[in-house]
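The values are calculated or read from the model by the stated rules, or taken from the named source; none is laboratory data. Quick caveat: nothing in here was measured; it's all calculated off a predicted structure. Because the Cβ atoms are built from the backbone with ideal geometry, glycine has one as well, and the counts that use them run over all protein chains shown. Surface areas here come from the heavy atoms of the whole protein model, side chains and all, with no ligands, DNA or RNA. Shrake-Rupley method; radii C 1.70, N 1.55, O 1.52, S 1.80 Å.
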Amino acid sequence: MGPYSLKDCCSHKMDPSPSCNGFPEPDRVSDSQKRTPSMPWFGMDIGGTLTKLVYFEPHNYTFEADDVEAEVLMNIRKYLTKNSAYGATGHRDIHLQMDNVMVNGRKGTLHFIRFPTSEMHNFIELAKSKGMAKLVTSVCATGGGAFKFEDTFRQEVNVKLEKRDELDSLIQGMLFADTNNSHECYYWSDPKEEDSCHKMTYDFSQPYPFLVVNIGSGVSVLAVYGPNDYKRVSGTSLGGGTFLGLCCLLTGCNSFEEAIELATLGDNKSVDKLIKDIYGGDYERFGLPGDLVASSFLGVFSFGQMALKERRDAVSREDLARATLVTITNNIGSIARMCALNEKINRVVFVGNFLRVNPISMRLLAYAMDFWSNGTLKALFLEHEGYFGAIGSLLASDDRV
């Protein structure tokens, strides 16, 4: 059977037995037994560093004038949709908002909200103050935090976390986002050229097979052969959490955004040992330019200049942040390339919140995939980056009975 497209999968052009997100429906009950989950509808992905929350705002939703629950629901809606920041650390990514999408038979708007998982107690206090427990008895959630905070939600807010598989949610969320956003998938043109590098929309309508590299606190690599045919092929603990932790240690920064800002201003060449530092120029036999970081193919010499005291004394916070970012990104790129070769896949989709406000890593990955494969590997990216687990969890609300 030929490959399905993401559009086919979510427009019921596939075999009618799977659900519209392309996955078989596990233990679904008949339509007569189903009930529509209570408003408001949320999906959560509680990661080790960041929690992602997707809120569905229905259109044309009316209430009785004296309905107390309606007043609570309207207060929640007003608070979430009229603000772009919640306290000091919660943010709504307005630029990612998706309008006129169908969820559980209703048309509405998807809102995307994030906050540090370390601030979960503040989110719980907010949920209590807004009366969420008066309306919601359960929320679909994925990620390790769905287990870690299960008891806390039940005890503090009287809400059950309906745990969903992390990888299922990721793939379902990707399918949904690409189906509902014609510009979801893109690649970087001329990634090494500062002046000419730019984003280009990529037609992902015939995607299979492809590799998914999900970069959060850690990294998981999935080989996807069809909408319900995929496997985890590799991963690494050295991901966004490693980058942030090392940057905080080395530079004294306090947030991911600050670490990326420092890296943007830095130069890793003052920290890393390059090909030209070893060979005195290009390594012509293997076609390696002298300005490549040696670690990107030899596995050594990231931070190689820091063995010299005079170099340590001269290095800046910005240079250290840039070198840390390059080191982590090169490691992820190397793993992705080897997985693509092993699985004989030539399209690699990089997702995850590590890529948020981080064009440096995206361009490095794009250049590395192209360079090391002689142009046979394509690095692709998605606009909603780290929200796919939360989207998949929201879609899973349709399975509740």
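General observations
- Of all residues in the range 150-173, those satisfying the criterion of being among the acidic types (Asp, Glu) and under 16 Å from the mean Cα position of the chain (by Cα) are Asp165, Glu166, Asp168.
- Lone unmet requirement of (1) in a helix (DSSP H, G or I); (2) open to solvent by 30 Å² or more (accessible area, probe 1.4 Å) for Cys339: (2)
- Consider the range 326-336 and keep the residues that are surrounded by fewer than 23 Cβ atoms within 10 Å (Cβ to Cβ) and touching a residue at least 40 places away in the same chain (Cβ under 8 Å). The one that is nearest to Gly235 (Cα to Cα) is Ile335.
- Picking from residues in the range 149-171 that are free of Cβ contacts under 8 Å to residues at least 12 places away in the same chain and out of contact with any strand residue (DSSP E or B) (no Cβ under 7 Å at 6 or more places or on another chain), the one that is least open to solvent (accessible area, probe 1.4 Å) is Asp151.
- Yes/no for Ala368 being touching a residue at least 60 places away in the same chain (Cβ under 8 Å), small (Gly, Ala, Ser), open to solvent by 10 Å² or more (accessible area, probe 1.4 Å) and not in a loop (DSSP other than H, G, I, E, B): yes
- All positions within the range 74-88 that are in contact (Cβ under 8 Å) with a residue 24 or more places away in the chain and touching a Lys or Arg at 6+ places or on another chain (Cβ under 9 Å): Asn75, Ile76, Tyr79, Leu80, Thr81, Tyr86
- Entry remark, the range 71-96: residues being touching a helix residue (DSSP H, G or I) at 6+ places or on another chain (Cβ under 9 Å) and either surrounded by fewer than 16 Cβ atoms within 10 Å (Cβ to Cβ) or within 21 Å of Leu175 (Cβ to Cβ) (or both) number 5 in total.
- Qualifying residues in the range 120-143 (those that are open to solvent by 50 Å² or more (accessible area, probe 1.4 Å) and of a type outside the set (Lys, Arg)) - the one farthest from the chain's Cα centre (by Cα): Ser129
- The range 187-219: number of residues that are within 22 Å of Asn331 (Cα to Cα) and either touching a residue at least 60 places away in the same chain (Cβ under 8 Å) or surrounded by 20 or more Cβ atoms within 10 Å (Cβ to Cβ) (or both): 14
- Residues (open to solvent by 10 Å² or more (accessible area, probe 1.4 Å) and either of a type in the set (Val, Ile, Thr) or in a helix (DSSP H, G or I) (or both)) located in the range 371-395: Phe371, Trp372, Thr376, Leu395
- Residues of the range 306-325 that are open to solvent by 10 Å² or more (accessible area, probe 1.4 Å) and either in contact (Cβ under 8 Å) with a residue 24 or more places away in the chain or hydrophobic (A, V, I, L, M, F, W, C) (or both): Met306, Ala307, Leu308, Arg311, Ala314, Val315, Ser316, Arg317, Glu318, Asp319, Leu320, Arg322.
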